[in-house]
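Down below is the structure, laid out as structure tokens.
Only the coordinates and a few stated rules stand behind these numbers; no lab work does. Just so it is clear, the structure is predicted and the values come from calculations on it, not from any experiment. Note that we place each Cβ from the backbone using ideal geometry, even for glycine, and neighbour counts take in every protein chain shown.
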């Protein structure tokens, strides 16, 4: 049913993404799908990496390690932005088409009042992409 | 607080002697154990995520509140104190500001022509983030858009006036404000001298000040891998100590200067826009109008911040660039076209002739001009430089040093010359050729509108003028909030959005508080005083640029 699953992740908060990572791995095993880990990072030095190239290398290592753990083939893609906080949704929507994903599995927080002003990324991506989006609650 | 952001357990360690991957192409990263964000606090009060540098954020916030409190409550006591501080600095240290300004210009010009100019910001293979038009529009909007609106007419005519009146002295001390020796009774020479002095204040020197900060920050962030915050400039001098208190202090000072520089400008800008609205539509000038203007500007800036650099500040800057361009074209076409076009070259020539004397730091006879105008300007540009410089740095990745300096130094200077010539020459001509006294006697903030009033379609062009003033303030508030947020987040550009909004709202609130409680001018004087410590920061920046560039690979 699914061939390529896109999983947006932030290497600075991998611990909080555990549920989504597990669900993505289970679905990938069920459908023998490829998982593509996608991450948006700034071009300035950040907490995870001091250069975009270093971030790319760490994401590749992360994807490889995940592949070893769940046994499905993995890929990774780093999207570089000069304003990641503002451009995140746009970049993820574009990435869905670019990598040809047919399912997005994304970690998201519980609904809260502030969502009216600052909507969750998962919800925004879901409204703007034609593919299925599975939002995994913390 | 956030151990997961501190180390990355999933990534393999680098083998001994192995280099970190460079950003893009060749670059020499600085080897440091500091992890960006390691001193940050992360929390989610009321569901709002925060990621801030605890010390810098907290102490900056406390000092801000304290200063605001003192200024509002003890206004009559502190105002003379702040003014005296400014006067003492610009009076006694004018030579230092003027000398430092010359150092910055010479360094930048030297780098353009040196082989170091080939080095690319962000690594030898880095691609530019923005197109020329987007990049240039943002450089200009952040750098001096608002000042050009305010002083485009006001400054040339003021210098012209003073120069025409000539030098006066009392007990051997000059009491007039004319640049150099003035040009008594000679309108032609007075106009040239007035334009040269204006161009001196809006040309190479201010842009060199911005360029030094911007280049140093861009180099140490994009090529050396240090956080995008002012303290990184000091790495070649202080080494690992920049991550401790010396660094905290530098960053706090940058936050302080940016916040109060923006807030006072926002308050003074609201006064200008409100004067323009009163002049144009008879809207009553007063606190209500000004407070509404500040609230409006702050709200639009907040929306723009939420949209991000690309969809917010870049678009607004481009819109403003087009509007400003059209307004200038209009003045050139319906004003004294030939005079402006020939004036452009004559003024450039006058600038070249007068600049050695104008930029001479020692034994000046025109103390009022060199201290009250030049040194004040230099201190003001320098106190704005952490904000403008950091914003310019952030949008300049992928440009070579030469390209960067041509775009940040030469092109804006030429545009300033054209702008000042179009607006200033037209106003001077209205007086010299037509005998129109209006601009000369009008209040400073009304001079632009009085000048436009003598041209056709005055209501429309004045309205465009007001819109330009307001939008330039929105872009300043917007880019300023981004910068303060990045500094108080320890150099992270991806800190949660509510923090940016917080700073934009705080700026608006400070501006309103100062407007209603008084003390805008006093605090502006205080902000100018931060120009002194920042002049030292900039001089260190010059050293850091040279040291940093020399250690870059040159293919």
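What list of whole percents do you get for P(r) of region B:3-550, with Cα-Cα distances grouped in 20 Å bins up to the one holding the largest distance?
That works out to 22, 57, 20, 2, in percent per bin.
With each pseudo-label sitting 7 Å past Cα toward Cβ, what's the residue B:237-residue B:295 distance in nm, one decimal?
Reported label-point gap for residue B:237 and residue B:295 is 4.5 nm.
Using alpha carbons only, how many degrees (0 to 90, rounded to 10) separate the axis of helix B:204-218 from the longest principal axis of chain B?
10
For region A:4-137, what's the relative contact order in percent, using C-alpha pairs closer than 8 Å and at least 6 residues apart?
29
Can I get the semi-axes of the protein assembly as shown's equivalent ellipsoid? Compute them from the C-alpha gyration tensor as square roots of 5 times the eigenvalues, in angstrom, largest first.
Taking √(5λ) for each Cα gyration eigenvalue gives 48, 26, 24 Å.
Relative to the first principal axis of the alpha-carbon coordinates of chain B, what is the inclination of helix B:245-281, with its axis defined by its Cα atoms, in degrees from 0 to 90 and to the nearest 10?
40
Could you line up B:73, B:255 from fewest to most neighbouring Cβ atoms inside 10 Å?
B:73, B:255
Just to be sure I understand: of the beta bridges DSSP finds with both ends in the protein assembly as shown, what percent are antiparallel, rounded to 5?
Bridges in the protein assembly as shown that DSSP calls antiparallel: roughly 25 percent.
Residues of A:80-91, mean number of Cβ from any other protein chain within 10 Å of their own Cβ, rounded to a whole number?
6
At 222 nm, what value in deg cm²/dmol follows for chain B if DSSP H runs of at least 4 each add -39500 (n - 2.57) and the sum is divided by all its residues, to the nearest 500?
So the helix-based figure for chain B works out to -21500 deg cm²/dmol.
Full-extension gain between residue B:436 and residue B:505, please, as 0.36 nm times their residue separation minus the C-alpha to C-alpha distance.
The span from residue B:436 to residue B:505 would gain 20.5 nm if fully extended.
Take every residue in peptide B:492-498, count the Cβ atoms of other chains within 10 Å of its Cβ, and give the average of those counts.
Averaged over the peptide's residues, the number is 6.
What distance in nm separates the simple spin-label points at residue B:444 and residue B:169, each placed 7 Å from Cα in the Cβ direction?
If labels sit at residue B:444 and residue B:169, their model points lie 2.8 nm apart.
Kindly put B:159, B:354 in sequence by how many other C-beta atoms sit within 10 Å of each C-beta, fewest to most.
B:354, B:159
Pick from A:87, A:115, A:102 the residue whose mean-square fluctuation is largest in a GNM of chain A, springs joining Cα atoms under 10 Å.
Most flexible of the set in this elastic network: A:115.
Counting only other chains, and only Cβ atoms inside 10 Å, what mean value do you get across the residues of B:306-315?
Mean number of neighbouring Cβ atoms from other chains: 4.
Taking the Cβ-Cβ separation of residue B:70 and residue A:61 as r and a Förster radius of 60 Å, what is the calculated FRET efficiency to the nearest 0.05?
0.70
R0 = 56 Å: FRET efficiency of residue B:368 with residue A:29, Cβ-based, nearest 0.05?
Result of the calculation: an efficiency of 0.10.
Give the relative contact order (percent, whole number) for chain B; include only Cα pairs under 8 Å separated by 6+ residues.
Once normalised by length, the contact order is 33 percent.
Using only Cα atoms, find the angle between the long axis of helix B:132-143 and the longest principal axis of chain B, and express it within 0 to 90 degrees, rounded to the nearest 10.
Between helix and principal axis, roughly 70 degrees.
Can you put B:155, A:69 in order of Cβ neighbours within 10 angstrom, beginning with the fewest?
Fewest-to-most ranking of B:155, A:69: A:69, B:155.
Please compute P(r) over all alpha-carbon pairs of chain A, binned at 5 Å starting from zero, and give each bin as a whole-number percent.
For chain A, the pair-distance distribution reads 2, 11, 20, 24, 22, 14, 6, 1, 0.
Points 7 angstrom from Cα along the Cβ direction at residue B:554 and residue A:98: gap in nanometres?
About 3.6 nm separates the two model spin labels.
May I ask you to derive the FRET efficiency for residue B:345 and residue B:406 from their Cβ-Cβ distance with R0 = 35 Å, giving the value to the nearest 0.05?
Efficiency for this residue pair is about 0.95.
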